[in-house]
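Shown next, in structure tokens, is the structure this report addresses.
Each reported figure results from applying straightforward, stated rules to the coordinates on display, with no laboratory input. These figures come from a predicted structure and were not determined experimentally. Positions of Cβ are backbone-derived with ideal geometry, glycine not excepted, and every protein chain shown enters the neighbour counts.
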């Protein structure tokens, strides 16, 4: 196809379109590479952790040391030398924790300004107009291994909501953390979860008390900055009976020639009638045209719908990382609980994504919806892998799965691997899948209306992803639309 | 002054692997409507696509002038923004692409080309509502996906709506009558007639005389084997309807 050849050429000519690849020039405390018991003790000491947590970490390290990397995945992974990674890095200015946002190193503040993440509460409150019906946003900003700022904590506290770095929650709310940490993703769940349990550094902790509708959108912004480090954050969100929270995470990293590992664990717990909406806009550095560099995004995310009528909804827009390997999942224990997974994964150049979800139906009348949209361009490779399992007691349960793939060019790939297990006779499972291409007809039609190729592709791709994007909080839906457009700049087929 | 001038146009179609247009000459002055009629395979759709600059339709000789300026070097989207509009015989579906957003992007791309400011969502909505009313289109059109699930009549009306919003200098209608019942045909024809203007030219490509009862052409051309073989007034269309292409063309050759 002529349009395809010419537009793939335009894509090459455009070069890099990653806009967050800068490095913050800042002095950091970075420990030497390597992972031993001493490393774990160092991290734990750095964070003034209680003994129980150190013991918990050491137990995880032992498990990890006896595990081997999984090999069943589709992506082709350059072997990782875990002894060449530094497991702790923090800006020097953070060693005396700044008292307020104004005390934060200006260089760090500038970094967040550049990333478009406001840290100053006054500006957020006074500033930009929000779409009607949307809530203001509180941010936890994690830079390498530490949280540098968390906004609106006082404001949230008035509503009884706890939103703070997990390292702080360990000290301030030990009983909550001890009760739930590892309760959804056990230490030995998988190789990377075990690694994370041993060396996790920071991340967010959220607690929504009974009956509270969290008055703000909560978000965490993850930034990797230092070379040769990994980021191992840990997020724990607990929504008590009848509460509601919407949480969003964003991620970026500098442009580097070597791969960097990001192995996070996210645990969500929803009690009776509670709802957690968890959204991700993942834009880690994807590597260059030859596939050099980029983040390995190996993440374990899981939510437990513990109470009846509870609901967990995952929405993800994955445009970055050289390899994305994750399955945000729901354990539907409570009767009538609901799990949702909405995903857009875009791979171009040599990016690889192996992503999907697992829905475990345990309670009666549990429902799950999976909408997965994969977009592959250049030599990008996209795999939807999903498991729907309906247990013997999950009578009257339902799942609906839809997997759509959009191919751009003739060297990319799309794969769909659904696993379905149904162990009772009163449940229903539906699976639909489609694969399509952006057609020459569509591009010509748009061009004839005066749209540039750029606008046309962005529009068609966003149309394809619409069912997922509409589940993002409003402001982020707009951001995500732009991101999809930018990420595909010049790439048409 | 001719808004559209086609000089000795030769063009090949990549998919067909051969030349389809063989020295086509045509002039459409401002304010006029010209009809192009011709049998299957004469090159009618090829003419539309070649004018609009579709990939795979290569001009191998001659020239196309839009308002006196050659557009051969311009890409399809540039030609559109310069004021060339093609109403499609088979409008293309864009699943998930919101019709209002699509139209507004198109309108603003044209405005930017003319150095005008962008229309805000509200300004655009006002404009779109007025034009839609003229075409008896319900407002929920704007919330649907472009051409997706539209009936044949809705698709054609949507083409005319776009033409009305984009205000082209030259509008080429490629078999706009195909697949329309008589009511839809009337609405579409009225839409076209409303847009007839002193600073605009129309080229109406059609198989049948029927459409020309509602859109009165100034000149009728007969296209056969890639060139214009006969031109005349509206009566030529009637003659064609009565005698058929073969008789008329044989007569022309004789």
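A few comments on the model shown:
- Ordered by the number of other Cβ atoms lying within 10 Å of each residue's own Cβ, fewest first, A:325, A:52, A:314, A:72 fall into the sequence A:72, A:52, A:325, A:314.
- Reported value for region B:2-253: 122 Å³ per residue, from the convex hull of its C-alpha atoms.
- Taking every residue in B:89-99 and counting other chain Cβ atoms within 10 Å of its Cβ, the average works out to 5.
- Among the residues of B:142-154, the average count of other protein chain beta-carbon atoms within 10 Å of the residue beta-carbon is 1.
- Ordered from longest to shortest, the equivalent ellipsoid semi-axes for region A:246-399 are 32, 15, 11 Å, each the square root of 5 times a Cα gyration tensor eigenvalue.
- Between region B:1-40 and region B:204-254, the alpha-carbon center distance in angstrom: 15
- Under the criterion of Cα pairs below 8 Å and six or more residues apart, the relative contact order for region B:2-253 equals 28 percent.
- Gaussian network model of chain B, Cα within-10 Å springs - most flexible of B:156, B:230, B:18: B:18
- The DSSP beta bridges internal to region A:2-487 are antiparallel in roughly 10% of cases.
- When both region A:40-98 and region A:434-477 are represented by their alpha-carbon centers, they are found 41 Å apart.
- Folded to 0 to 90 degrees: helix B:235-253 orientation relative to chain B principal axis, Cα: 40
- Candidates B:86, B:238, B:122, ranked by Gaussian network fluctuation over chain B, Cα under 10 Å, top entry: B:122
- Counting neighbouring Cβ atoms within 10 Å and putting the fewest first, the residues A:449, B:114 line up as B:114, A:449.
- Whole-angstrom gap from region A:219-253 to region B:51-101, using each part's C-alpha centre: 47
- Global form of region A:2-487, assessed from the alpha-carbon gyration tensor, a/c cut-off 1.5: rounded
- Counts of other chain beta carbons within 10 angstrom of each beta carbon in peptide B:104-112 average 3.
- Compared with the dominant Cα axis of chain B, that is its longest principal axis, helix B:121-134 is turned about 50°.
- Angle between chain B longest axis and helix B:99-113 axis [Cα atoms, degrees, rounded to 10]: 70
- For region A:421-477: rounded, prolate or oblate by the Cα gyration tensor [a/c cutoff 1.5]: oblate
- Global geometry of region A:347-439, whether rounded, prolate or oblate, following the gyration tensor of its Cα atoms and the 1.5 cut on a/c: prolate
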